[in-house]
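The values are calculated or read from the model by the stated rules, or taken from the named source; none is laboratory data. These numbers come from a predicted model, not from an experiment. Here the Cβ positions follow ideal geometry from the backbone for every residue, glycine too, while neighbour counts run over all protein chains shown. Accessible surface areas use protein heavy atoms only, side chains included; no ligands, DNA or RNA. Shrake-Rupley method; radii C 1.70, N 1.55, O 1.52, S 1.80 Å.
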Amino acid sequence: EDQVTQSPEALRLQEGESSSLNCSYTVSGLRGLFWYRQDPGKGPEFLFTLYSAGEEKEKERLKATLTKKESFLHITAPKPEDSATYLCAVQAGGGKLIFGQGTELSVKP
Amino acid sequence: DTAVSQTPKYLVTQMGNDKSIKCEQNLGHDTMYWYKQDSKKFLKIMFSYNNKELIINETVPNRFSPKSPDKAHLNLHINSLELGDSAVYFCASSPPGLRSGETQYFGPGTRLLVL
(Lines give C-alpha, C1' and ligand atoms only; values in the text may rest on other atoms or scores of the structure.)
Protein backbone atom coordinates (compact mmCIF):
# COMPACT_ATOMS: atom_id res chain seq x y z
CA GLU A 1 0.00 0.00 0.00
CA ASP A 2 1.26 3.48 -0.88
CA GLN A 3 2.19 5.36 2.27
CA VAL A 4 3.91 8.56 3.38
CA THR A 5 5.24 9.20 6.90
CA GLN A 6 6.67 12.51 8.03
CA SER A 7 8.83 13.20 11.08
CA PRO A 8 8.93 14.89 13.42
CA GLU A 9 5.27 15.84 13.84
CA ALA A 10 6.33 19.14 15.37
CA LEU A 11 9.63 20.99 15.40
CA ARG A 12 10.57 24.08 17.37
CA LEU A 13 13.66 26.01 16.31
CA GLN A 14 15.36 29.21 17.31
CA GLU A 15 15.88 31.71 14.54
CA GLY A 16 19.06 30.75 12.70
CA GLU A 17 19.04 27.14 13.96
CA SER A 18 19.24 24.90 10.89
CA SER A 19 17.46 21.54 10.79
CA SER A 20 15.85 18.94 8.53
CA LEU A 21 12.38 17.47 8.07
CA ASN A 22 12.01 13.86 6.97
CA CYS A 23 9.53 12.23 4.60
CA SER A 24 9.63 8.44 4.25
CA TYR A 25 7.57 6.84 1.54
CA THR A 26 6.54 3.54 0.01
CA VAL A 27 4.91 3.75 -3.40
CA SER A 28 4.66 1.42 -6.36
CA GLY A 29 6.42 3.44 -9.02
CA LEU A 30 7.26 6.96 -7.89
CA ARG A 31 5.93 9.52 -10.36
CA GLY A 32 6.85 12.54 -8.29
CA LEU A 33 7.44 13.66 -4.70
CA PHE A 34 6.03 17.03 -3.74
CA TRP A 35 6.67 19.41 -0.88
CA TYR A 36 4.03 21.95 0.11
CA ARG A 37 3.85 24.61 2.77
CA GLN A 38 0.56 25.27 4.54
CA ASP A 39 -0.11 28.34 6.65
CA PRO A 40 -2.99 28.31 9.17
CA GLY A 41 -6.34 28.81 7.47
CA LYS A 42 -4.89 28.57 3.96
CA GLY A 43 -4.46 26.01 1.22
CA PRO A 44 -1.20 24.13 0.60
CA GLU A 45 1.32 26.21 -1.34
CA PHE A 46 3.59 24.37 -3.77
CA LEU A 47 7.33 24.38 -2.98
CA PHE A 48 9.15 21.61 -4.88
CA THR A 49 8.75 18.57 -7.09
CA LEU A 50 11.41 15.82 -7.13
CA TYR A 51 11.30 13.01 -9.66
CA SER A 52 14.31 10.75 -9.16
CA ALA A 53 16.78 9.69 -6.48
CA GLY A 54 19.70 12.07 -6.18
CA GLU A 55 17.73 15.08 -7.30
CA GLU A 56 17.96 18.29 -5.27
CA LYS A 57 16.08 21.59 -5.46
CA GLU A 58 16.55 24.85 -3.59
CA LYS A 59 14.47 27.91 -2.86
CA GLU A 60 15.75 30.60 -0.53
CA ARG A 61 16.46 28.90 2.81
CA LEU A 62 14.89 25.57 1.76
CA LYS A 63 16.55 22.63 0.05
CA ALA A 64 14.79 19.40 -0.83
CA THR A 65 16.59 16.13 -1.53
CA LEU A 66 15.37 12.70 -2.61
CA THR A 67 16.56 9.12 -2.16
CA LYS A 68 14.80 5.90 -3.11
CA LYS A 69 13.06 5.70 0.25
CA GLU A 70 12.87 9.20 1.66
CA SER A 71 13.08 12.92 1.10
CA PHE A 72 14.52 15.62 3.31
CA LEU A 73 13.60 19.27 3.51
CA HIS A 74 16.60 21.12 4.88
CA ILE A 75 16.00 24.54 6.40
CA THR A 76 19.09 26.71 6.69
CA ALA A 77 19.13 29.62 9.17
CA PRO A 78 15.32 29.73 9.45
CA LYS A 79 13.39 32.90 10.17
CA PRO A 80 10.08 33.28 12.03
CA GLU A 81 8.27 33.66 8.70
CA ASP A 82 9.27 30.08 7.86
CA SER A 83 6.86 28.89 10.56
CA ALA A 84 4.19 26.73 8.91
CA THR A 85 3.16 23.12 8.40
CA TYR A 86 5.25 21.40 5.74
CA LEU A 87 3.50 18.64 3.81
CA CYS A 88 5.11 15.89 1.77
CA ALA A 89 3.18 13.93 -0.86
CA VAL A 90 3.87 11.25 -3.45
CA GLN A 91 2.00 10.87 -6.68
CA ALA A 92 0.31 7.53 -7.28
CA GLY A 93 -1.78 6.13 -10.10
CA GLY A 94 -4.25 8.45 -11.81
CA GLY A 95 -2.49 11.52 -10.50
CA LYS A 96 -3.76 11.45 -6.92
CA LEU A 97 -1.43 12.74 -4.24
CA ILE A 98 -0.89 10.71 -1.08
CA PHE A 99 0.03 13.05 1.73
CA GLY A 100 1.93 12.58 4.95
CA GLN A 101 0.54 14.03 8.16
CA GLY A 102 2.82 17.05 7.99
CA THR A 103 5.50 18.62 10.19
CA GLU A 104 4.47 21.71 12.09
CA LEU A 105 7.48 24.02 12.21
CA SER A 106 7.74 26.88 14.68
CA VAL A 107 10.68 29.29 14.49
CA LYS A 108 11.11 31.60 17.46
CA PRO A 109 12.97 34.92 17.22
CA ASP B 1 -6.30 37.01 -10.49
CA THR B 2 -6.91 34.12 -8.09
CA ALA B 3 -5.71 30.84 -9.61
CA VAL B 4 -7.98 28.36 -7.80
CA SER B 5 -10.95 29.81 -5.96
CA GLN B 6 -13.60 28.20 -3.77
CA THR B 7 -16.93 29.37 -2.43
CA PRO B 8 -18.00 29.62 0.25
CA LYS B 9 -14.99 29.99 2.51
CA TYR B 10 -16.99 29.02 5.58
CA LEU B 11 -20.10 26.87 5.78
CA VAL B 12 -22.01 26.18 9.01
CA THR B 13 -25.09 24.01 8.69
CA GLN B 14 -27.34 21.58 10.50
CA MET B 15 -27.13 17.80 10.31
CA GLY B 16 -29.31 16.40 7.53
CA ASN B 17 -29.07 19.44 5.26
CA ASP B 18 -27.79 19.39 1.67
CA LYS B 19 -25.02 21.81 0.67
CA SER B 20 -22.74 22.57 -2.27
CA ILE B 21 -19.20 23.88 -2.54
CA LYS B 22 -17.99 25.47 -5.76
CA CYS B 23 -14.51 25.53 -7.26
CA GLU B 24 -13.16 27.44 -10.24
CA GLN B 25 -9.67 27.60 -11.74
CA ASN B 26 -8.37 30.10 -14.29
CA LEU B 27 -5.08 28.32 -14.98
CA GLY B 28 -6.23 26.50 -18.10
CA HIS B 29 -5.75 23.14 -16.37
CA ASP B 30 -7.62 20.03 -17.50
CA THR B 31 -7.55 18.10 -14.23
CA MET B 32 -9.27 19.06 -11.00
CA TYR B 33 -9.46 17.40 -7.59
CA TRP B 34 -11.31 17.46 -4.30
CA TYR B 35 -9.39 16.71 -1.07
CA LYS B 36 -10.63 16.51 2.51
CA GLN B 37 -8.47 17.67 5.42
CA ASP B 38 -9.56 16.35 8.79
CA SER B 39 -8.99 17.81 12.26
CA LYS B 40 -5.54 16.22 12.38
CA LYS B 41 -4.54 18.13 9.23
CA PHE B 42 -4.41 14.92 7.17
CA LEU B 43 -5.20 15.58 3.49
CA LYS B 44 -6.93 12.82 1.57
CA ILE B 45 -8.05 12.63 -2.08
CA MET B 46 -11.77 12.27 -2.70
CA PHE B 47 -12.33 12.78 -6.43
CA SER B 48 -10.52 13.76 -9.60
CA TYR B 49 -11.89 14.91 -12.95
CA ASN B 50 -9.98 15.20 -16.21
CA ASN B 51 -11.68 17.36 -18.83
CA LYS B 52 -15.08 16.81 -17.19
CA GLU B 53 -14.58 13.04 -16.88
CA LEU B 54 -14.38 11.31 -13.48
CA ILE B 55 -11.04 9.49 -13.18
CA ILE B 56 -10.58 9.03 -9.44
CA ASN B 57 -13.34 8.12 -7.02
CA GLU B 58 -11.94 7.09 -3.66
CA THR B 59 -14.00 5.35 -1.00
CA VAL B 60 -16.34 8.23 -0.37
CA PRO B 61 -20.00 7.91 0.78
CA ASN B 62 -22.59 8.21 -1.98
CA ARG B 63 -23.84 11.35 -0.25
CA PHE B 64 -20.91 13.15 -1.90
CA SER B 65 -21.41 13.86 -5.59
CA PRO B 66 -18.95 15.88 -7.69
CA LYS B 67 -20.11 17.70 -10.80
CA SER B 68 -17.97 19.26 -13.51
CA PRO B 69 -19.96 21.52 -15.85
CA ASP B 70 -16.79 22.41 -17.75
CA LYS B 71 -13.08 21.85 -17.27
CA ALA B 72 -12.64 25.09 -15.30
CA HIS B 73 -15.22 24.17 -12.67
CA LEU B 74 -15.64 21.30 -10.23
CA ASN B 75 -18.40 21.46 -7.67
CA LEU B 76 -19.05 19.20 -4.71
CA HIS B 77 -22.59 18.49 -3.53
CA ILE B 78 -23.16 16.81 -0.18
CA ASN B 79 -26.51 15.30 0.76
CA SER B 80 -27.78 14.57 4.26
CA LEU B 81 -24.81 16.10 6.04
CA GLU B 82 -23.44 14.27 9.07
CA LEU B 83 -21.33 15.45 12.00
CA GLY B 84 -18.35 13.52 10.62
CA ASP B 85 -18.40 15.57 7.43
CA SER B 86 -17.02 18.54 9.34
CA ALA B 87 -13.63 19.25 7.82
CA VAL B 88 -11.82 21.55 5.43
CA TYR B 89 -12.40 20.72 1.77
CA PHE B 90 -9.76 21.74 -0.75
CA CYS B 91 -10.06 21.94 -4.48
CA ALA B 92 -6.92 21.59 -6.62
CA SER B 93 -6.01 21.59 -10.29
CA SER B 94 -3.08 20.42 -12.40
CA PRO B 95 -1.87 21.08 -15.95
CA PRO B 96 -3.40 19.43 -19.02
CA GLY B 97 -3.35 15.68 -19.46
CA LEU B 98 -2.57 12.85 -17.11
CA ARG B 99 1.21 12.98 -17.47
CA SER B 100 2.88 11.90 -14.28
CA GLY B 101 4.41 14.39 -11.95
CA GLU B 102 2.25 17.39 -12.77
CA THR B 103 2.11 19.88 -9.93
CA GLN B 104 -1.25 20.38 -8.26
CA TYR B 105 -2.28 23.87 -7.16
CA PHE B 106 -4.68 24.21 -4.27
CA GLY B 107 -7.51 26.58 -3.49
CA PRO B 108 -7.93 28.34 -0.12
CA GLY B 109 -10.30 25.72 1.28
CA THR B 110 -13.90 25.61 2.48
CA ARG B 111 -14.35 25.11 6.21
CA LEU B 112 -17.47 23.03 6.78
CA LEU B 113 -18.96 22.71 10.24
CA VAL B 114 -21.97 20.44 10.72
CA LEU B 115 -23.94 21.02 13.92
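Observations, loosely collected:
- Candidates per GluC sites (Glu not before Pro) in region A:1-88, loop by DSSP, up to 10 other Cβ within 10 Å: A:E1, A:E60
- Alpha carbon centroid spacing (whole Å) that separates region B:1-63 from region A:1-72: 24 Å
- Förster radius 22 Å - calculated FRET efficiency between A:E45 and A:Q14 (Cβ-Cβ, nearest 0.05): 0.35
- In straight-distance terms, cross-link reach from B:K44 covers every one of the lysines whose alpha-carbon lies under 18 Å from its own, apart from those fewer than eight places away in the same chain; here that gives A:K42, A:K96, B:K36.
- Selection of trypsin sites (Lys or Arg not before Pro), region B:53-115, meeting DSSP coil and at most 16 other Cβ within 10 Å: B:R63, B:R99
- Within a Gaussian network of chain B (alpha carbon springs, distance under 10 Å), most fluctuating of B:S39, B:S68, B:S93: B:S39
- Think of chain A as having a plus end and a minus end, set by charges on the Cβ of Lys, Arg, Asp and Glu; of A:S24, A:Y36, A:A92, A:A92 sits farthest toward the positive end of this dipole.
- Computed with the Debye formula from one identical point scatterer per Cα of region A:1-85, without solvent, the log10 of I(q)/I(0) at q = 0.14, 0.25 Å⁻¹ comes to -0.49, -1.41.
- Solvent exposure of region A:45-89 as accessible area per residue, Å², 1.4 Å probe: 50 Å²
- Placing unit charges on the Cβ atoms of the charged side chains and taking the dipole of the protein assembly as shown about its Cα centre, the candidate lying farthest along the positive direction among A:V4, A:S71, B:N17 is B:N17.
- Loop trypsin sites (Lys or Arg not before Pro), region A:54-109, which have at most 11 other Cβ atoms in a 10 Å radius of their Cβ (DSSP): A:K68, A:K69
- Within the protein assembly as shown: Cβ-based charge dipole about Cα centre, in debye rounded to nearest 20 (Lys, Arg +1; Asp, Glu -1): 200 debye
- The mean count of C-beta atoms from other chains within 10 Å of the C-beta of residues in B:105-113, rounded to a whole number, is 3.
- Summed over both chains, the contact between A and B buries some 1600 Å² of accessible surface at a probe radius of 1.4 Å.
- For the residues B:L54, B:L83, a 1.4 Å probe over the protein chains yields an accessible-area ranking, largest first, of B:L83, B:L54.
- Rounded to the nearest 20, the Cβ-based charge dipole of region B:7-115 about its Cα centre (Lys and Arg +1, Asp and Glu -1) stands at 220 debye.
- Members of region B:25-42 that become less accessible by 40 Å² or more once partner protein chains are added (1.4 angstrom probe, chain alone as reference): B:F42
- For region B:1-92, the calculated P(r), taken from all Cα-Cα distances in 5 Å bins from zero up to the bin holding the longest distance, is 3, 14, 25, 27, 19, 10, 3, 0 percent.
- Filter on A:K68/A:K108; A:K68/B:K22; A:K57/B:K22; A:K57/A:K108 - keep pairs with C-alpha separation over 28 Å: A:K68/A:K108; A:K68/B:K22; A:K57/B:K22
- Under a model in which nothing but the beta-carbon of Lys, Arg (+1) and Asp, Glu (-1) is charged, region A:1-68 shows a dipole of about 120 debye around its Cα centre.
- Across all C-alpha atoms in the protein assembly as shown, the radius of gyration and Dmax reach 17.5, 51 Å.
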